[in-house]
Amino acid sequence: MKLALCSVLALGLAGSLSAGELHGKVACKGVRNSADAVVYIAAIPGKTFAAPAKHAEMDQKNLVFAPHVLPIQVGTTVDFKNDDSVLHNVFSPDACCNRFNLGTWPKGQSRSYTFKNECQATLLCKVHPEMEGFIVAVPTPYYAVTKADGSYVIKNVPDGQFTVKVWHPTLKATQKAVKVAGNTQVDFEIAR
Ligand SMILES: [Cu+2]
């Protein structure tokens with residue numbers, strides 16, 4: 001009972017903290033455009049986040065993974081859809097997601113996988129070796145993926161001192177110590 005009351009109080013306090021928007025641009029050097037960089041707040045010491053109940057969705061359409069890069073919070077279940085008239089498969093060679101292989105399925109069906117660890121998972125399809133996608137499972141609910149112009153927006157970020165990380169499928173990852181106070185702008189540049 002006491003514990004429950006504490007939780008309610010803690011939630012109330014958290015709700016009263018001011019929150020803003022973390023936004024900016026990631027300049028991706030040496031690639032076609034600045035899309036597909038994942039910007040996220042790294043694990044916050046002493047803070048844990050419950051796994052989201054809502055599923056995320058990764059589609060296979062016109063023989064590509066859509067979106068190409070999908071950031072999610074650790075604990076999220078992803079539904080893998082097939083929107084093509086051909087069979088698709090999804091597997092990952094990465095240990096952080098136990099090298100899952102969901103089998104092969106036709107249009108209109110989907111298979112699911114829950115990402116239990118922080119992970120930068122490459123997605124591949126055994127039927128179409130040229131297909132490649134990425135799921136980036138991050139430890140906080142504060143993440144975004146850049147548009148072609150490199151811009152990103154992470155909404156409802158509480159004030160505080162954080163490590164903000166940037167991941168990209170082909171460029172070198174980077175990070176910055178960031179003090180968030182209301183609406184805060186942080187820009188990055190990444191290269192090979
Ligand atoms: Cu395929």
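The values are calculated or read from the model by the stated rules, or taken from the named source; none is laboratory data. The structure presented is a predicted model; accordingly, all values stated were derived computationally and were not measured. Every residue, glycine among them, receives a Cβ derived from its backbone with ideal geometry; neighbour counts consider all protein chains shown.
Taken over segment 119-140, the criterion of being exposed (fewer than 14 other Cβ atoms within 10 Å of the Cβ) and more than 16 Å from the ligand (Cβ to nearest atom) is satisfied by no residue. The combined condition, being away from the ligand (no atom under 15 Å from the Cβ), over 28 Å from Gly46 (Cβ atoms) and touching a strand residue (DSSP E or B) at 6+ places or on another chain (Cβ under 8 Å), is not fulfilled by Asp84. Residues considered: Ala42, Ala56. Of these, the only one that is in the same structural domain as Ser151 (by TED's automatic domain parsing), within 13 Å of the chain's Cα centre (by Cα), aliphatic (A, V, I, L, M) and surrounded by 15 or more Cβ atoms within 10 Å (Cβ to Cβ) is Ala42.
Yes or no, residue by residue, for (1) in a strand (DSSP E or B); (2) under 19 Å from His168 (Cβ atoms); (3) touching a residue at least 40 places away in the same chain (Cβ under 8 Å):
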| position | (1), (2), (3) |
| --- | --- |
| Lys107 | no, no, no |
| Arg111 | yes, no, no |
| Asn117 | no, no, yes |
| Leu123 | yes, yes, yes |
| Lys126 | no, no, no |
| Pro129 | no, no, no |
| Phe134 | yes, yes, yes |
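Filter segment 87-117 for residues that are farther than 18 Å from Val136 by Cβ and in contact with a His (Cβ under 8 Å, 6 or more places away or on another chain); which is farthest from the ligand (Cβ to nearest atom)? Among residues in segment 87-117 that are farther than 18 Å from Val136 by Cβ and in contact with a His (Cβ under 8 Å, 6 or more places away or on another chain), the one farthest from the ligand (Cβ to nearest atom) is Trp105.
Any residue at all in segment 62-76 that is modelled with pLDDT of 95 or more, surrounded by fewer than 13 Cβ atoms within 10 Å (Cβ to Cβ), on the phi > 0 side of the Ramachandran plot and outside any loop (DSSP other than H, G, I, E, B)? Taking every residue of segment 62-76 in turn, none turns out to be modelled with pLDDT of 95 or more, surrounded by fewer than 13 Cβ atoms within 10 Å (Cβ to Cβ), on the phi > 0 side of the Ramachandran plot and outside any loop (DSSP other than H, G, I, E, B).
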